[in-house]
Amino acid sequence: MRDLSHSVVVALILTIIALAVTTTPGDATTFAARTLDGRNNNLAHPAWGRAGTLYLRVAPANYADGISSMATGPSMRYVSNRVFNDVGQNIFSKDGVTQWGWVWGQFLDHDFGLRDERSAENAPIGFDQADPLEAFTNDFGVIGFARTPAAPGTGVDTPREQVNTLSSYIDASNVYGVDPNRLEWLRVGPVDGDMSNNGARLMLTANDFLPRVDARGDPSTAPAMDLMGPLVGTPDRAVVAGDVRANENIALTALHTLFAREHNRIVASLPSSLSADERFQIARRIVGAEIQYITYTQFLPALGVRLEPYLGYDPTVNPGLSNEFAVVGYRAHSMVHGEFDTTVGATTYTDAQLAAFAARGIVVTADGDQVTLEIPLAAAFGTPDLLEDLGLEPVFLSLSQRQYENDEQIDNALRSVLFQIPKPDIADPTVCGVPVVNPDCFSGVSDLGAIDIARGRDHGIPTYNDLRRAYGLAPKASFVDVTGETTQRFPVDPLINPRDPINDPNILDFVELRDADGNVVAPGTDAAEEEVVLGVRRTTVAARLKAIYGTVDRLDAFVGMVSEPHVKHTEFGELQLAIWAKQFAALRDGDRFFYRNDPVLRFIGHEFGIDYRLTLAEIVKLNTGVTLQRDVFKFAG
């Protein structure tokens, strides 16, 4: 196409950035563009995948009254203390998936799914300080939980439904947002309701980090951002991105920063003869394709998700996110590592900076010409300041370590102190989070595992066996069928109370640890913290589930799903794998602008020499200079 006249090129570019979507990719003469909120992607069904539409359902809703009331079941924190509790023992991915897995998964989640976060009915999760398996103190008495608002017109005469506030397409809405007001604020130039006078670049700070809420003056005029951890007390320190959750942790904020830089890198490579809006829209299209390309060629294969061959765009496929995927299948919180460990040169930071890191709860260890930083996840919540102080390189390097195994165990950074900060009277905050979370440092409890169960009941998710049936899988008759273990009985063990084993803390003891080579690992050693991929406990998960639920037919879908053994060469049990495969196939096949179906990408490549087919490692290198292994999702150690 390089022989096209300049006027023809400009004409084609103008059609690329047209806001109205009127044609189908594949037409060589007229090109269409994505809308911000996903509308009109499917010409016959313009609302499919659009922001502000209902989550789809694979199975009928399961409410106690058939309409809206949450289903009942065992206490969520009680379940969490007996099933999700890892008692501080790290179990790493046996297939060598790195921390890039969970971080990319979260970044992607913030591209295609966000329930209405306004609080509806208050439904606090019970907390029993007298529970023999409770190690934490909760001055609030309960774990806060509020239901998702019912979608308009539902929950009274028809079953309650919920709204996805984002476009369900993988379209880089986590970078650009789904409404023009947020996007205009993010782009350089005035905020006056007229996007035509904005620049091509996204606004970044002088040292190329995301802008703060006060970047345009009055913070109250900035797009809304979720606040957590320290940001609750210092809201003006929040950064702004396409998604409201960009401040959740330093790794997520780093990815948002990376792709804002990538947008600007692409803009800088385009000819100045193009208008600012033309360069902006070309960069946006490339960034969206890059995120799709990484997801389908690197992220999903690393986790063992293999889809049927792509046959092209299918206008009969609704790409909307299912409630079952959003609320159960995509909640892989067990993968989330409890800390970020990174080693840098001894001169990377000043003594004053290292002292400031220690004051934040980071363990700093100097060894000759190197310094190692152990950053507890609890210290990384809601701290964009920490990311700027550290820099992107140490954070990205830390993600090359193994992530936790995707199983029923959840680190206490999420299972007990999610978004909490240590009590102000803690003299040495470095004792609070490494190598395990110290309950003495915290006065409140927020349990993401318990919340995962509660959200399933809130959204009317079917029980475990009913959800298996909905995905074409056979139901399970016993708890050993669920877990793949050999017994659902508690052992005869002098360390376990035979009269009430489910309330004996010793049921959670690890009695055997092994590394990736099958070698036995001694408890309490460095290897036990860093190398264990298999842990055998004094009791089976099946025995604990039976004592809690009695029958498999009462089992919460989320609890049953994470308790399944993995399908060989994947990070998932049978049910979770089926949920992922169905949803990611729909997101691919039902997207008219999927990268393999978009001729505009080929045109951009031919005319401007810009190729979207980059590995995540290459994008990191181009924008930070940091060199990582080619496949960042697989452990190279």
Per the filter on region 501-516, residues of a type in the set (D, E, K, R) and either at pLDDT below 95 or surrounded by 14 or more Cβ atoms within 10 Å (Cβ to Cβ) (or both) are Asp504, Asp509, Arg514, Asp515
Within region 296-306, the residues that are closer than 17 Å to Asp111 by Cα and surrounded by 22 or more Cβ atoms within 10 Å (Cβ to Cβ) are Phe299
All-but-one check, Glu161 against (1) in the same structural domain as Ile67 (by TED's automatic domain parsing); (2) outside any loop (DSSP other than H, G, I, E, B); (3) not hydrophobic (A, V, I, L, M, F, W, C), failing number (2)
Taking the criterion of being buried (at least 20 other Cβ atoms within 10 Å of the Cβ) and more than 19 Å from Phe558 (Cβ to Cβ), would at least one residue in region 483-500 satisfy it? yes
Gly456 meets each of (1) in contact (Cβ under 8 Å) with a residue 24 or more places away in the chain; (2) surrounded by fewer than 21 Cβ atoms within 10 Å (Cβ to Cβ) with one exception, condition (2)
Residue check for Ala130: part of a loop (DSSP other than H, G, I, E, B) and in contact with a helix residue (DSSP H, G or I) (Cβ under 6 Å, 6 or more places away or on another chain): no
Scanning region 391-449 for residues that are under 18 Å from Gly233 (Cβ atoms) and hydrophobic (A, V, I, L, M, F, W, C) gives Val417, Leu418, Phe419, Ile421, Ile426, Cys432, Cys441, Phe442
Within region 440-482, the residues that are more than 25 Å from the chain's Cα centre (by Cα), closer than 28 Å to Gly535 by Cβ and hydroxyl-bearing (Ser, Thr, Tyr) are Ser478
For Gly96, the lone unmet condition from (1) closer than 30 Å to Thr297 by Cβ; (2) of a type outside the set (A, V, I, L, M, F, W, C); (3) within 24 Å of the chain's Cα centre (by Cα); (4) crowded, with 20+ Cβ neighbours inside 10 Å is (4)
Next on the checklist: Based on this model, can you work out whether Ala477 counts as outside the structural domain of Ser68 (by TED's automatic domain parsing) and either within 30 Å of Ala636 (Cα to Cα) or crowded, with 22+ Cβ neighbours inside 10 Å (or both)?
Outcome noted: no
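The values are calculated or read from the model by the stated rules, or taken from the named source; none is laboratory data. The model shown is predicted, which means the values in this text are computed figures rather than measured ones. Here Cβ is always computed from backbone atoms with ideal geometry, including for glycine, and neighbour counts include all displayed protein chains.
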